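Everything below concerns the one structure shown next.
Nothing in this text is a laboratory measurement; each read-out follows from the coordinates by a stated rule. The shown structure was predicted, so the numbers you read here are calculated from the model rather than taken from an experiment. All Cβ positions, glycine included, derive from the backbone under ideal geometry; neighbour counts span all protein chains shown.
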Protein chains: 4
Amino acid sequence: MSDLRVAVLGVGLMGADHVHRIEARISGARVAVVNDYVTEKAEQLAAAIPGCRAIGDPLDAIADPDVDAVVLATPGPTHEKQLLACLEHGKPVLCEKPLTTDVEASLQVVRREAELGKRLIQVGFMRRFDHEYAGLKALMDSGELGRPLLLHCAHRNPSVPHNFDSSMVVRDSLVHEVDVTRFLFDEEITSIQIITPSPSPGAPDGLADPQIAILRTASGRHVDVELFVSTGVGYEVRTELVAEKGSATIGLDVGMIRKGTSGSWGGTITPGFRERFGQAYDTEIQRWVDAVRSGTNVDGPTAWDGYAAAAVCEAGVESLRSGGPVEVSMVSRESIPGA
Amino acid sequence: MSDLRVAVLGVGLMGADHVHRIEARISGARVAVVNDYVTEKAEQLAAAIPGCRAIGDPLDAIADPDVDAVVLATPGPTHEKQLLACLEHGKPVLCEKPLTTDVEASLQVVRREAELGKRLIQVGFMRRFDHEYAGLKALMDSGELGRPLLLHCAHRNPSVPHNFDSSMVVRDSLVHEVDVTRFLFDEEITSIQIITPSPSPGAPDGLADPQIAILRTASGRHVDVELFVSTGVGYEVRTELVAEKGSATIGLDVGMIRKGTSGSWGGTITPGFRERFGQAYDTEIQRWVDAVRSGTNVDGPTAWDGYAAAAVCEAGVESLRSGGPVEVSMVSRESIPGA
Amino acid sequence: MSDLRVAVLGVGLMGADHVHRIEARISGARVAVVNDYVTEKAEQLAAAIPGCRAIGDPLDAIADPDVDAVVLATPGPTHEKQLLACLEHGKPVLCEKPLTTDVEASLQVVRREAELGKRLIQVGFMRRFDHEYAGLKALMDSGELGRPLLLHCAHRNPSVPHNFDSSMVVRDSLVHEVDVTRFLFDEEITSIQIITPSPSPGAPDGLADPQIAILRTASGRHVDVELFVSTGVGYEVRTELVAEKGSATIGLDVGMIRKGTSGSWGGTITPGFRERFGQAYDTEIQRWVDAVRSGTNVDGPTAWDGYAAAAVCEAGVESLRSGGPVEVSMVSRESIPGA
Amino acid sequence: MSDLRVAVLGVGLMGADHVHRIEARISGARVAVVNDYVTEKAEQLAAAIPGCRAIGDPLDAIADPDVDAVVLATPGPTHEKQLLACLEHGKPVLCEKPLTTDVEASLQVVRREAELGKRLIQVGFMRRFDHEYAGLKALMDSGELGRPLLLHCAHRNPSVPHNFDSSMVVRDSLVHEVDVTRFLFDEEITSIQIITPSPSPGAPDGLADPQIAILRTASGRHVDVELFVSTGVGYEVRTELVAEKGSATIGLDVGMIRKGTSGSWGGTITPGFRERFGQAYDTEIQRWVDAVRSGTNVDGPTAWDGYAAAAVCEAGVESLRSGGPVEVSMVSRESIPGA
């Protein structure tokens, strides 16, 4: 199967990240086209990627016959027109949030896709793919904790740009907890209340920060969210599920913590080495592939490392017999030029 | 740049994992050849991968002109001959441990590669690529904790196969801590002592389990390792560094923990969303690429999800003004067939 | 100085606990009088305590010339009259919450004590004496985290008696967080909102459980409290302070956790053995005193334990010289009848 | 029952702590006699305690008819003579470690007590009374983790006095792990090995620090102990039990952690408020007693605090009915002079 040819529209911070991701870590896809309203940025990026072109008009990029699918990382106000173009050309599109900047326009996009009868749009709510959120969802779906009742969420940023205003806390930060709530509870949110405590002395002038949001869902569940975007501390995103028979917390920096019906708290022990070191294996192979392709020396453990390990284990087996300390016998590395 | 064509030799549990990894998650490589002494297994696997062939003789696979690089996951006793073949053909090879099953043979492989003057062999000590071990190494190299003094390690498996004997605990389990010691301390191990406490009632008959290993390095540092391979609990691999000015532990199930000179303990807070959700972004894009390539519907957040989020945020901004609860206004999903 | 002669009024669960506490663990006080509306209960208790009498009427107990101070653990509706009697007789009184069951009556008690110009009443909000709350307060007062902004609280009980109704969640459970808020923020609460999510299937019929309370203080700080009294899990009381420059959490079952300005999280390391083992020393001495007073054999470490430790250390010092294992030399315990 | 009259011999750091403890926190005992080879120190201390005398000769103190029991906190070399005097006079004695400074002398003390046929001596191994060690012992005795196999211990001090030598690490620090091992495993230690890694640059000149001790017990269990007395970090004492079916760790700063057979890790949730706040109740009552006895104002929650709580709860109950925010109605504190 040939690689998917992706056009990445908008190559600011997030779009450039996606370009790098697809080139460096994603199997089965390549970046065929990049576009940005700053033409030079797109052209520089394209020049660095074999087989990649810059196209000046986002709609041309979408229409291009050598583009199979689109990643939309352009400013929100341009999304509506670009999404409709993707739908018109039948191109699958992964759209960074927001879908559009306007509720009515979002609804039009929904209607248009529904008329086509084919799911072409995915929105970039990436938390659904985070292993902690996915684990929490799986735990809820297992039924082990009984009926889900509440979520307590915290969403903290160390700082925000100077032009950040109070409504952006809702639209850009809270929007993730909105999706988390809908994802975890699998129902719509029916009312919302934003509470504004007296602001932190460290918050930009005029910004209501922190804020507390209270969400209520169709079945009467509630979610409270602390939004605090000028903590100066770090990026902290936390969700605690409170359910009929226990609770579970992610994002605590101390692993996932569950409290169950048995009067105990804790987490799960990794069952085996594939789970524990899966990331290490992936990284090992990817770096080795990268080094070999680029013709540079591989920089992982060497044959000497293998020899040294063998020599130590040999002495260990000898000590297993004797019980006492055993000297390790090895030639000196200097005696083998190039080793 | 064209994809690296990899031959995977030996497609048992570990080799098959590597085949899947390269096909599903590694960018820039594809599995061109598979080989196994069980011919049918290799042929079945090859049939499922576009452009992949099964080759019956591992040495033929290594010599094949359409193979750029080799992953060796064959039984240890065959490694020596296969590694020498890789060196002869100038093919980079990633070799699962052990390098060879015999210290003298390992040394011959080291010498042969050194004579070629080119680093072609990497040994599969994957822990060096684990983010916790890499973080511990970076912490040590930063000098913040002063001179490294000791390591306390634990290596626990829930169970082992029935043919596992006492020396395999050393050769197959301890070997990882041997490499971890050499990697972290960056010096050779000069003596080793294996202590055998009275065995666990749950250990297989005749197996010395648990064992305690004491390693001493060239500069006089010491490492103690608990090896316990029939715990019945899970896979637990832990390393605590004790240094002049503090200690740090990985593998505790509660995140990396450091104790520093300031009389406090703790860990690091994620600085931003790219660090926190990097894995989520990768997974999001990979799943989307896979769904689009295979022609199935994408299963991530939909346009409706984007619309719903917009509607809730809109009400939130309204509540930000009023301070009270605001009902969310949305059309019903049923009113849009296909949405 | 002679011991304080205390009258404990009401010897149900809580009052009986206080009686035992004063007799077994409190220095400088003894229970001189007990009283309960179930006369037999008080008489049985008095009979078991040297020098303790049962008095049938609580007002007589308060007035008794051989009573120096009063602990009030009687039902709430009787508090007003008993408190006023204590004030009249100038007796210090420790009153379990509530002060009275009625706001106006509470105010009358406040006025009466104020008129006397002497502080005689202490209310039993014991959390102020918990080392975690005290530590959190000290951290706030140190100014290190900047201006306090929010509290997130959870108050969970495994179950409640069948007659527990929705307003008791407020009066009996939330009341503690009300005091915690006033204690930590050192200002009055000016408004309150109780939110009632759809109840847990495990909650008693008709009970609004869980509830969410939102408190607002005079300076605009906010507190949210989850109240959930039929979790089936355990007793979980948690408070997270969110402040201008960091946050701190108590009650997480993983020690006190702070997040500070430095991008790190964690806690404090015990500075010395007196802090680490202070409780152990207290317990050691108290048990030894109890055993000696009662004439039973002391059950702590024996002279033999001291001898064995000395023998092992002696061998250890020998090994310190030799580096190798040293056998411990001891006579057999059986050779010394009675040892 | 009258209070136990205790003589505290040696009122340096530890002895003075014991004097304060008995006076301030221990029920049923009082310090009747103090003694120190620095006569003035004993006399000053005695003067501050009602009914307490200083006695110049420790043997006179032991023999004094108004002394019921003895706490020995004198230097180790004087213990033998003082212990034998306690035995001679039939006085129960709590002796700080070491029992004596000489194995043979310890054995003579054991024999002498055994001949008397009455247990009079308790040695001050206070860890047996620490709730974490006691909890670990109880867990072992429950049988839930199967046969105990190993202990991993760490014993770290921030610093030691300048005259501390390598054998004192064994005699003064390791001695605690010696007793912990004997207490937890309930059997004698039969061999010991001390390993001396290259010393920390931060250790005093000539001190072998850190050290690793390996203890072997009669049944073949093993214990490894890291001893590191110049860490500069804090006081860290940790013990991990490894047993047939799981492990448990105390002293991790993150609460007691168990790993069990179920593939999970964690700890216990407090079952109720008496367990969670027992210490708080004790402290509350002790402080109240102390304040009342000394005639100072009590400094705990006041009647005003009780009134404020009642007013807020009243508003809360109103909000429970209405669902919306309710203003709290209170008189101003200033309107009540003295409140």
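Across the identical copies, the label point of B:Lys118 (7 Å from Cα in the Cβ direction) is separated from its matches by 4.8, 9.1, 9.9 nm, in order from shortest.
Note on B:Leu116 and B:Gln279: the model spin-label points, each 7 Å out from Cα along the C-beta direction, lie 3.5 nm apart.
With the cut-off at under 17 Å, measuring from each backbone N in the stretch C:79-113 to a point 7 Å along the Cα-to-Cβ line of D:Arg321 picks out C:102-104.
Using a simple spin-label model with pseudo-atoms 7 Å out from Cα toward Cβ, D:Leu13 and A:His89 lie 7.7 nm apart. Report note on the peptides D:17-26, C:158-167: ranked by the mean count of other C-beta atoms within 10 Å, highest first, their order is D:17-26, C:158-167. FRET efficiency for the pair B:His162 and D:Asn163, taken as 1/(1 + (r/R0)^6) with r the Cβ-Cβ distance and R0 = 51 Å, rounds to 0.35.
If you take the Cα centroid of the stretch D:179-237 and the Cα centroid of the stretch A:108-167, the two points sit 51 Å apart.
Relative to the longest principal axis of the Cα atoms of chain D, the long axis of helix D:303-322 makes an angle of roughly 60 degrees.
Compared with the dominant Cα axis of chain D, that is its longest principal axis, helix D:103-116 is turned about 70°.
For the stretch D:128-266, with only Lys/Arg (+1) and Asp/Glu (-1) charged at the beta-carbon, what is the dipole magnitude about the Cα centre, in debye rounded to 20?
I would put it at about 360 debye.
Counting Cβ atoms of other protein chains within 10 Å of each Cβ in D:142-150 and taking the mean gives 3. Beta bridges per DSSP, both residues in chain D: antiparallel share near 55 percent. Take every DSSP beta bridge with both residues inside the protein assembly as shown and express the antiparallel ones as a percent of the total, to the nearest 5. Counting only bridges with both partners in the protein assembly as shown, antiparallel ones make up about 60 percent. Per residue, the average separation of C-alpha pairs within less than 8 Å and at least 6 apart gives the stretch B:128-266 a relative contact order of 33 percent.
Dividing the mean sequence gap of close Cα pairs (under 8 Å, 6+ apart) by how many residues the stretch B:4-124 holds gives a relative contact order of 23 percent.
Copy-to-copy label distances for B:Pro161, where each label lies 7 Å from Cα along Cα-to-Cβ, are 5.8, 6.0, 6.4 nm in order of increasing length. Between D:Tyr37 and B:Thr39, the modelled label-to-label distance comes to 9.0 nm, taking each label 7 Å out from Cα in the direction of the beta carbon.
Lysine pairs in chain C 8 or more apart or on different chains: how many have alpha carbons under 17 angstrom apart?
Close lysine pairs found across chain C: 6.
Placing R0 at 22 angstrom, the Cβ-Cβ distance between A:Asp102 and A:Ser219 gives a FRET efficiency of 0.20 after rounding to 0.05.
Mean residue ellipticity, 222 nm, helices only, the protein assembly as shown: the sum of -39500 (n - 2.57) across DSSP H runs of n ≥ 4, divided by residue count and rounded to 500, is -11000 deg cm²/dmol.
For D:Arg53, the amide hydrogen comes within under 5 Å of the amide hydrogens of D:Val33, D:Val34, counting only partners 5 or more places away or on other chains and with H modelled in the peptide plane. Taking C:Val223, C:Val312, C:Val93 in turn, the Gaussian network model of chain C (Cα-Cα springs below 10 Å) assigns the largest fluctuation to C:Val312. Other protein chain C-beta atoms within 10 Å of residue C-beta, averaged over A:21-32: 6. Relative contact order for chain B: 11 percent, from Cα pairs under 8 Å spaced at least 6 residues apart, divided by residue count. Placing +1 on each Lys and Arg Cβ and -1 on each Asp and Glu Cβ, with no other charges, gives the protein assembly as shown a dipole about its Cα centre of roughly 0 debye.
Calculate the FRET efficiency for A:Ile49 and A:Asp205 from the Cβ-Cβ distance with a Förster distance of 35 Å, rounded to the nearest 0.05. Result of the calculation: an efficiency of 0.25. With a 10 Å cut-off around each Cβ of D:178-188, the average count of Cβ atoms from other chains is 3. Ascending distances from the C:Gly220 label point to its copies in the other chains, with the point 7 Å along the Cα-to-beta-carbon line: 3.6, 6.3, 7.2 nm. Taken about its Cα centre, the stretch D:1-51 carries a charge dipole of about 180 debye when Lys and Arg each add +1 at the Cβ and Asp and Glu each add -1 at the Cβ.
Using the alpha-carbon atoms, what tilt in degrees (0 to 90, nearest 10) does helix C:175-185 show relative to the longest principal axis of chain C? Compared with the principal axis, the helix lies near 80 degrees.
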